[in-house]
1. For the ranges 212-222, 51-61, 361-371, what's the packing order if you count other beta-carbon atoms within 10 Å of each residue, average per peptide, and put the highest first?
2. In terms of the Cα gyration tensor, with a ≥ b ≥ c the square roots of its eigenvalues, is the stretch 52-188 rounded because a/c is under 1.5, prolate because a/b exceeds b/c, or oblate?
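Values quoted throughout were computed directly from the atomic coordinates according to the rules given, and no laboratory measurement underlies them. Quantities reported herein were computed from a predicted structural model and do not represent experimental measurements. Note that we place each Cβ from the backbone using ideal geometry, even for glycine, and neighbour counts take in every protein chain shown.
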Amino acid sequence: MTYFNTIKQIVFHLKTSLILAVFCIVSLATSADVGAQTRIKDIVDFEGVRENMLIGYGLVVGLNGTGDTLGSSISTRESLVGMLERLGVNARDDSLKTDNVAAVMVTATLPPFAKQGTRIDLSISAIGDSKSLLGGTLLVTPLVGADGEVYAVAQGPVAVGGAEAQGAGATVSRGVPTNGRIASGAIIEREIAFDLEGLDTIRISLRNPDFTTARRIADAINAFIGGPIAQSRDSATVSILIPDSYRGKNVALITDIEQLQVTPDMSAKVVIDEQTGIIVMGENVRISTVAIAQGNLTIRITETPQVEQPQPFSDAGETVTVPRTQIEIDEDADKRLSVLSKSVTLQELVDGLNSLGIGPRDLISILQAIKAAGALQAEIELL
């Protein structure tokens, strides 16, 4: 009996260990899956829930001699005269020579569902020949939208992050003194009508269009609701029919959809900025086996002119400059053909490229050549 009990205990321990091992493997796989997932909220925009751009033209006054030159800035002069006339001051016949006024463009962003009386931030940019907006105050400026309607009114002191100091022999500048901001400097006067609760269909727009990601989003929504209410229309759009359980509660539906987790799919792409030498590769970039030989042709031309003079105390001859030119050509003859093996993971691809021993500038040319040879399974995007 003791022998059989021992066998039973061994089998029990083996079963327990096997179950624990399987549980650990499943847990690790699930953790890796969850780590690659992201919220729908972070990769999509809901149609109709968007910002609107506002713009206006105004005057900044109170500058310490750093404003526009009214003699050359005709628009600034006319704007100043028109504003004074609206206030009952006749300045048409006066010779205005003030240098403490600057014409500026005012830009702002109208948030979605912004209500009347809400304040928004402003960006101020000089459009004349003013030197700085430091210490200035923006006068009342209407801000219009793309339809020409006034949606907000701006006014307030300008906060400038840059500064400039100039002397007789030197000038020191930090930042851009002709740009500034006004925190909460505009009051919204008109609202944009949008009835979110009255919609029968909600459309989702992907920020990075992809057919696979769009279908995964639709599948996640359908699994959450328990019915086929979501359908991917194209690579950038997912259409959602409002279910009966959420009728009249569209905000609650959007909130629940935003928190769903999906795994975005990413196409193989290599992004190259030739100006800065930056190379960014996606996870799915792969290279087939290729042989690469890379060498630089360097030509050095050195000019060392020499001066030849006549013999001392001689009556004839003159001092002349004789050119001396030395030319060197370096063809990197020690470079040999290297084999870049087929890569399975991004780390293997990086290790293979690093083994060539080249810098980012040469690597850009090599990647373009590999793409031309058909061995780079990725799209190259130049910035």
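1. On the way: 212-222: 19.5, 51-61: 17.7, 361-371: 16.1.
Top of the packing list down: 212-222, 51-61, 361-371.
2. On the way: a/c = 2.46, a/b = 1.29, b/c = 1.90.
Judged from the Cα gyration tensor, the stretch 52-188 comes out oblate (a/c at least 1.5, b/c at or above a/b).
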